[in-house]
Amino acid sequence: MAYISNCSIIDGQLTYFYEIASLMHKVNGYCFVDFDLSAPFVKIDMHPDKDKYLDGVFFTMKRFLSGSLSSTILLYNKNMSLLNQSSKS
């Protein structure tokens, strides 16, 4: 399982999270990306390509609403759902 930030807090350099996701999926791993620093400024696409998809993304609404008490949002691929897994058995 990989949990990575999509950009650096120091210089804003974006990470190659789609490539990391592709590598993780080749070994049956999962890739979660934290968009907390950049969510209001970048396009978040969980499925840009068949092999380079993200299993989950996180971000907080405080970047949008300027509120320190805002909730964290978790979006995840429907294949990660326990309900989806149990229905296949």
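Any read-out appearing in this document is the output of simple, stated calculations on the displayed coordinates, not a laboratory observation. As the structure is a computational prediction, the values presented were derived from the model and not from experiment. FYI the Cβ positions are ideal-geometry reconstructions off the backbone, even for glycines, and counts take in every protein chain you see.
Structure data summary
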item	result
Any chance residue 18 is out of contact with any helix residue (DSSP H, G or I) (no Cβ under 7 Å at 6 or more places or on another chain), hydroxyl-bearing (Ser, Thr, Tyr) and over 21 Å from residue 81 (Cβ atoms)	yes
Residues of region 25-37 satisfying the condition of being over 12 Å from the mean Cα position of the chain (by Cα) and touching a residue at least 24 places away in the same chain (Cβ under 8 Å)	25, 29, 37
Members of region 48-64 that are charged (D, E, K, R) and either touching a residue at least 24 places away in the same chain (Cβ under 8 Å) or on the phi > 0 side of the Ramachandran plot (or both)	49, 51, 52, 55, 63
